[in-house]
Structure formats: C-alpha cells, structure tokens
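Take a look at the structure set out below.
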Amino acid sequence: MALSQNVTFTGAAPSDAEGDDPPGAGVARLLMEAIRGRGWSSDDLENWRDVGWSLVCRRASSELQIALSAFGAGAWMLQVAPLRVPGLVGRALGRQSSATPEDCLALALVVHETLAQGGRFGDFRWQWDGPPTAESGDRPTAPA
C-alpha cells in the first residue's frame with residue numbers, strides 16, 4: 001500500500017518574521033496558511049529534528065504530517081505522510097494508518113498547487129514512497 005508522497009523542488013524561500021533557523025520557515029508558513037484555507041486544519045509549525053519544519057494536518061478523521069527540509073541552496077525536500085502507521089504487530093491487531101493514500105494525495109495536491117502558484121518554486125519531482133528521481137512526475141498522482 002502506498003504511504004507517502006515525496007517531492008523535491010527548487011526556489012527561494014520567503015522570509016519569515018520568526019526567523020529562518022532551520023531554513024524553510026517561510027515555505028512551511030505559506031503551506032500552513034494555504035492548507036487552513038482549503039478544508040484542512042493544522043497545528044502550528046514545529047521545528048523538525050533541527051533541520052526543517054513539520055506540520056500536522058487534519059481533515060475529518062485523517063491525520064497527516066508534512067515534513068520539509070532544505071538539502072542545498074534553494075533545494076527542498078518535502079514529504080506528505082500519515083501521522084501514524086502501525087507496524088507488524090499493530091496491523092495484526094487490526095490497527096490502521098491515520099490516513100489513506102487518497103488522503104495523502106489530496107493533501108499533496110494542495111501542497112503542489114500552493115508551491116507552484118506564482119512561479120517562486122519549480123522543478124517539482126513527485127514520487128510515492130521513495131526518494132524522487134529525474135523520472136519522477138512533475139505533480140502528485142494517484143497511487144498505482
């Protein structure tokens with residue numbers, strides 16, 4: 001089963017009033033505001049492992065996390081994934097992921113539309129469940 005949508009992209013991050021350490025606060029805040037205006041709720045931004053930003057997003061009973069990090073000058077990696085995914089024992093006990101692949105796709109589409117708008121960011125490479133490559137798509141797609 002497909003679990004996460006991963007994307008690399010390029011562009012200059014907008015500045016953020018609360019600082020930019022780690023880099024990307026302006027990108028994360030842009031996404032947070034767009035998501036909240038598109039039928040999702042979200043927590044506030046969180047410093048993600050001191051290398052990026054995370055944002056927990058909810059819609060109905062689904063809970064997902066967006067994680068964003070810079071990996072070079074003007075280069076970014078972002079993941080949209082369920083907040084919780086049960087392991088082997090959890091699945092044996094009937095536990096389920098906190099979001100479906102369709103939920104991940106829906107949120108990834110909001111992320112893509114937000115980032116692609118205005119031409120600030122480009123060179124999108126979207127991939128399900130792995131690192132994007134040169135052959136990855138330029139927008140999120142339904143899981144195979």
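Working from the Cα coordinates of segment 5-128, the gyration tensor eigenvalues give, after taking √(5λ), semi-axes of 25, 15, 14 Å in decreasing order. One chain, two ends: D21 and A73. Fully extended at 0.36 nm per residue, the span grows by 17.3 nm beyond their Cα-Cα distance. Per-residue Karplus couplings for segment 15-23, computed as 6.51 cos²θ - 1.76 cosθ + 1.60 with θ equal to phi - 60°, are listed in order as 5, 10, 4, 8, x, 9, 10, x, x Hz, Gly and Pro entered as x.
Residue by residue, segment 136-144 carries 3J(HN,Hα) couplings of 5, x, 8, 7, x, 10, 5, x, 6 Hz when phi is fed to the Karplus relation 6.51 cos²θ - 1.76 cosθ + 1.60 (θ = phi - 60°); x denotes Gly or Pro.
Taken as Cα centroids, segment 14-64 and segment 67-91 sit 13 Å apart, rounded to the nearest whole angstrom.
Each value in this text was obtained by applying a stated rule to the coordinates, not by laboratory testing. Bear in mind that the values here come from a model prediction, so they are computed numbers and not experimental data.
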